[in-house]
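What follows is a single structure, written as C-alpha cells, with notes after it.
The values are calculated or read from the model by the stated rules, or taken from the named source; none is laboratory data. Values in this document were obtained by computation on a predicted structure and should not be read as measured data. Virtual Cβ from ideal backbone geometry, glycine too; neighbours counted across all protein chains shown. Ligands, DNA and RNA are stripped out before the accessible areas are found, and what is left, the full protein with its side chains, is counted by its heavy atoms. Shrake-Rupley method; radii C 1.70, N 1.55, O 1.52, S 1.80 Å.
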Amino acid sequence: MLQTSLTEMSPSVDEDVPSFVNTATAVVDAVNPSSDDPDWWRSAVIYQIYIRSFADGDGDGTGDIAGVRSRLGYLRDLGVDAIWFTPWYASPLADGGYDVSDYRAIHPAFGDLEQAEALIRDALALGIRTIIDVVPNHISDQHPWFQEALAAGPGSPERERFWFRDGLGPNGDEMPNHWISNFQGDTWTRTTNPDGSAGQWYLHLFTPEQPDLNWNHPGVRAEHEDVLRFWFDRGVAGVRIDSAALLVKDAALPELSENPGPGEHPNTDRDELHEIYRSWRGVADSYPGTRMLVGEIWLPDIERFAKYLRRDELHTAFNFDFMARPWDAEKLRESIDATLAAHAPVNAPSTWVLSNHDVTRPVTRYGRDDSSFAFASKRFGTPVDLELGERRARAAALLTAALPGALYIYQGDELGLPEVEDLPLDQLQDPMHFRSNGVDPGRDGCRVPLPWSGSAPGLGFGPEGAAAPWLPQPASWQKLAVEEQEADQSSMLRLYREALRIRTASPELHGPEFAWIASPDGVLSFSRGDRFVSVTNLSSAPIDLPDHAKILISSAGLVSGRLPPDSSAWLQTQQ
Ligand code: NOJ
C-alpha cells in the first residue's frame, strides 16, 4: 500500500447527471456562475479538459461534449470547482484546436452549441463552473477573415487585420524579419497571388496555419470582446487566454535584439497589452458575479508577469516557473518564495500547475535524472524511472494542493498517467514534432485518451462498439483506469480525491496564510493557519514529522513513524 490516509474516504456518489436542453437566452437567464461566491477563483481547484481525449460519447474515437457530460459525476466526486476546456471550436485542428475558424461554433466532432450550453448548465448544477479557452494571438488560416485577406490582395483593409508585408530583396523573396517561431522554424510564409505569382508574406508566431492577428486594428479588438460576451452570455465563469503575452507587436517588425530591455521585445510582453486586458476586465466585470480571466503567460521576469495581475487586469496567470523546476527542495522553495512575493503587492492569488496539454506528464518528468521541464530539451529515448516518478508525483500532488492560491489539475494526472513515449510515429499529430524535423517528440504523449475501464475495449474511452481512440493507449494503462483505481484505496485517484476533500473542508487552505517551518535540508515544511502543516521530503533519507495531533493524509506509508523520501504528508497540529 502506497498511501496511508487516516481519515475516512468520502463516499463516491453516482447519481444521474441532470440534462437540460436550452436556448442561449434560457441559459443567460438561468446561469449566473458566480453569484454565490465572488472569490471562488482565488483558491479554486480547476481541472483541465483536453476534450479530444477526455471521454468519447458518440463512439467515433474522439472525445466530445457528450462524453464530458456523461462523466460529470466523476468530476464532482474528484472535488473540482471548475473545468477548463482547451479550444472546442470549429477548427481544422492544425494545432489541436488552437487554430480557431469560428469562435461561435463547436467543432462537429465535439458536439454543437446546444450541447455546450447544456454542459455548462449540467456542470453548474453540480457546483462546477466552466472556463473556456480563447486564442487571441492568431486564428486559423481557414477563418473567413484570413481567406478574405488572401482574396483581397495587398494594401486592402482585409489584410490590415493581419501582418502582411512585402518580402525583402529585389524579388521580395526574403522574409521581412528573422523572428524564430515558438514551434521552431520561420515565422513568415509567402502567399501566392491569384495569378500564380509569388505574393506578400504573412506573420505566424506558431504554424503557417495560425496567422497572427494585428492587435492595433480596432476590428480585431472589438471582435474578441464580442466573443467574450458570446460565451459569458452562455454562462461561462472564466476565460483562459492563450499566448496572452504575445498579442501586440512592434509595428516596425524589427529584428530581435540580443538583450531587449523590459517591454522592448518586438513580440512579447509589450506594454500596450495592459490596456487590452483592462478592457477585457471591463467586459468580464460587466457580468454578475466574478467571471475570471487567467492568462497563459510565460515570462522569466516575475515582476513583469505580476503586472498583468493588477486589480483591473487579469485575475490570475499560470505559474509556469514552479512547473518547470526540477524535483529539488531548494529550487522549489525559491520558486514558491518568488511567486508569493511577486503576487502579494498586486493582491492576486498564485496558481500552482504541475502540467498541462503542452508539457511532459509529471510521473515521467519526475522520474528522469533531469526532472526540470523545457520545451527545447524534449528528446526521444530519455531514460526514466517511472516508479520513482510516480512516488514524486504523488508527493507533488499534496505539496501543490497545500499551497495558497488556485490549483490546476491536467486530466489524467489524477490517475498518475505517464507520458506515452512510444506512440507509433505515423500516428503523431503535433506540429511541434514535425517542425523540429522529428527531433522533438512533440506533445501527443500527454494527450492520449483517458482509460476509464481496464476491462473494456479502448479502455472504456468510448461506448460499447466505439471506434478505437484517436491515439492508441498503452496496454499498461489497464491498471491505471478509473474503475481500477476507484477500487484501490492506495491509488493515485483516491489520493487526489481525498486531498481535494480535505482541501475543500479546511478553511485555512483557502486563505493567504503561509509560513515556512524550519526543517532539515531537502525538506519543505510550511503551515497554513494554526492547525495545518504540509511536509514534503525531497531528501534521500526518511525524516521525523513535526509535532502533530493527527496525520490527515500522506502520499506514502510511513516507515517506523518517519516520512520516507519523495513523499508528502499533511498534518493537523491541534485537535
Ligand atoms: C499555447 C497552447 O497551450 C498550445 O497548445 C498552443 O499550441 C499554443 N499556445 C499556440 O496556440
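Looking only at residues that are open to solvent by 50 Å² or more (accessible area, probe 1.4 Å) and assigned to a loop (DSSP other than H, G, I, E, B) in region 266-291, which one is nearest to ASP301 (Cα to Cα)?
Among residues in region 266-291 that are open to solvent by 50 Å² or more (accessible area, probe 1.4 Å) and assigned to a loop (DSSP other than H, G, I, E, B), the one nearest to ASP301 (Cα to Cα) is ASP271.
Condition first: away from the ligand (no atom under 16 Å from the Cβ), surrounded by fewer than 19 Cβ atoms within 10 Å (Cβ to Cβ) and assigned to a loop (DSSP other than H, G, I, E, B). Now tell me which residues in region 184-218 satisfy that.
Answer for region 184-218, where residues must be away from the ligand (no atom under 16 Å from the Cβ), surrounded by fewer than 19 Cβ atoms within 10 Å (Cβ to Cβ) and assigned to a loop (DSSP other than H, G, I, E, B): ASN193, PRO194, ASP195, GLY196, SER197, ASN216, HIS217.
With the checklist (1) open to solvent by less than 20 Å² (accessible area, probe 1.4 Å); (2) of a type outside the set (Val, Ile, Thr); (3) not assigned by TED's automatic domain parsing to the domain that holds ALA348 in hand, flag the one item SER257 doesn't pass.
The one condition SER257 does not meet is (1).
Could you please find all residues in region 226-241 being within 16 Å of the ligand (Cβ to nearest atom) and over 12 Å from PHE85 (Cβ atoms)?
Residues satisfying the conditions are VAL227, ILE241.
Residue check: is GLN147 surrounded by fewer than 19 Cβ atoms within 10 Å (Cβ to Cβ) and within 16 Å of the ligand (Cβ to nearest atom)? Break it down stepwise before answering.
Values: surrounded by fewer than 19 Cβ atoms within 10 Å (Cβ to Cβ): yes; within 16 Å of the ligand (Cβ to nearest atom): no.
It is false that GLN147 is surrounded by fewer than 19 Cβ atoms within 10 Å (Cβ to Cβ) and within 16 Å of the ligand (Cβ to nearest atom).
Determine if region 224-237 includes at least one residue that is open to solvent by 10 Å² or more (accessible area, probe 1.4 Å) and modelled with pLDDT under 95.
Filtering region 224-237 for residues open to solvent by 10 Å² or more (accessible area, probe 1.4 Å) gives 225-226, 229-230, 233-234.
Checking which are modelled with pLDDT under 95 leaves us with none.
Scanning region 224-237, I find no residue that is open to solvent by 10 Å² or more (accessible area, probe 1.4 Å) and modelled with pLDDT under 95, so the answer is no.
Name the residues in region 558-575 that are in a strand (DSSP E or B) and under 19 Å from ALA402 (Cα atoms), would you?
Step one: filter region 558-575 for residues in a strand (DSSP E or B), giving 559, 562-563, 567-572.
Matches in region 558-575: LEU563, SER567, SER568, ALA569, TRP570, LEU571, GLN572.
Has region 271-282 got any residue that is at pLDDT 95 or above, over 22 Å from SER181 (Cβ atoms) and of a type in the set (A, V, I, L, M, F, W, C)?
yes
Check LEU563, LEU471, LEU524, LEU509 and return the single one that is outside the structural domain of ALA402 (by TED's automatic domain parsing), open to solvent by less than 20 Å² (accessible area, probe 1.4 Å) and within 30 Å of VAL68 (Cα to Cα). Please lay out each step first, then the result.
Values: LEU563 fails: within 30 Å of VAL68 (Cα to Cα); LEU471 fails: outside the structural domain of ALA402 (by TED's automatic domain parsing); LEU524 fails: within 30 Å of VAL68 (Cα to Cα).
Checking each option against the conditions leaves just LEU509.
Among the candidates SER181, SER156, single out the residue that is of a type in the set (S, T, N, Q), within 16 Å of the ligand (Cβ to nearest atom) and open to solvent by less than 40 Å² (accessible area, probe 1.4 Å).
On the way: SER156 fails: within 16 Å of the ligand (Cβ to nearest atom).
Within the list SER181, SER156, the selection yields SER181.
How many of the residues making up region 324-377 are of a type in the set (Asp, Glu) and closer than 13 Å to GLU419 by Cα? I'd like the intermediate steps shown before the answer.
The first filter runs over region 324-377 and keeps only residues of a type in the set (Asp, Glu), leaving 328, 330, 334, 337, 358, 369-370.
Remaining after also requiring closer than 13 Å to GLU419 by Cα: 358.
The number of residues fulfilling the criteria is 1.
For (1) within 30 Å of TRP40 (Cα to Cα); (2) not small (Gly, Ala, Ser), each residue gets a yes or a no:
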{"residue": "LEU340", "(1), (2)": "yes, yes"}
{"residue": "PRO349", "(1), (2)": "yes, yes"}
{"residue": "TRP352", "(1), (2)": "yes, yes"}
{"residue": "GLY381", "(1), (2)": "no, no"}
{"residue": "ARG391", "(1), (2)": "no, yes"}
{"residue": "ALA406", "(1), (2)": "yes, no"}
{"residue": "GLU414", "(1), (2)": "yes, yes"}
{"residue": "ARG435", "(1), (2)": "no, yes"}
{"residue": "CYS446", "(1), (2)": "yes, yes"}
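Would you be able to say whether some residue in region 382-402 is farther than 24 Å from LEU480 by Cα and open to solvent by less than 10 Å² (accessible area, probe 1.4 Å)?
Within region 382-402, the first condition is being farther than 24 Å from LEU480 by Cα, and the residues that meet it are 402.
Add one more test, that the residue is open to solvent by less than 10 Å² (accessible area, probe 1.4 Å), and what stays is 402.
Yes, the conditions are met somewhere in region 382-402.
So, SER335, is that one in a helix (DSSP H, G or I) and among the polar types (S, T, N, Q) or not? Show your work before the answer.
Working: in a helix (DSSP H, G or I): yes; among the polar types (S, T, N, Q): yes.
Spelling it out, SER335 is indeed in a helix (DSSP H, G or I) and among the polar types (S, T, N, Q).
Given (1) open to solvent by less than 10 Å² (accessible area, probe 1.4 Å); (2) farther than 21 Å from TYR366 by Cβ; (3) not small (Gly, Ala, Ser), identify the lone condition not met by GLU414.
Tallying (1) open to solvent by less than 10 Å² (accessible area, probe 1.4 Å); (2) farther than 21 Å from TYR366 by Cβ; (3) not small (Gly, Ala, Ser), GLU414 fails exactly one: (2).
The rows are residues; the columns are (1) in contact (Cβ under 8 Å) with a residue 60 or more places away in the chain; (2) of a type in the set (Lys, Arg); (3) under 22 Å from VAL100 (Cβ atoms).
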position: ALA198; (1), (2), (3): no, no, no
position: TRP231; (1), (2), (3): yes, no, yes
position: ALA237; (1), (2), (3): yes, no, yes
position: PRO254; (1), (2), (3): yes, no, no
position: TRP280; (1), (2), (3): no, no, yes
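So, in region 69-99, how many residues would count as being touching a Gly at 6+ places or on another chain (Cβ under 8 Å) and away from the ligand (no atom under 12 Å from the Cβ)?
Residues of region 69-99 that are touching a Gly at 6+ places or on another chain (Cβ under 8 Å), as a first pass: 69-70, 76, 81-82, 84, 86-89, 91.
Then keep just the ones that are away from the ligand (no atom under 12 Å from the Cβ); that gives 69-70, 76, 81-82, 88-89.
Total satisfying the criteria: 7.
Can you find a residue in region 425-439 that is free of Cβ contacts under 8 Å to residues at least 40 places away in the same chain, within 16 Å of the ligand (Cβ to nearest atom) and crowded, with 17+ Cβ neighbours inside 10 Å?
First, the residues of region 425-439 that are free of Cβ contacts under 8 Å to residues at least 40 places away in the same chain: 425-426, 428, 433-434, 437-438.
Going one step further and asking which of them are within 16 Å of the ligand (Cβ to nearest atom), we end up with 428, 433-434.
With crowded, with 17+ Cβ neighbours inside 10 Å added as a condition, the list becomes 428, 433.
Checked against the condition, which is being free of Cβ contacts under 8 Å to residues at least 40 places away in the same chain, within 16 Å of the ligand (Cβ to nearest atom) and crowded, with 17+ Cβ neighbours inside 10 Å, region 425-439 yields at least one hit.
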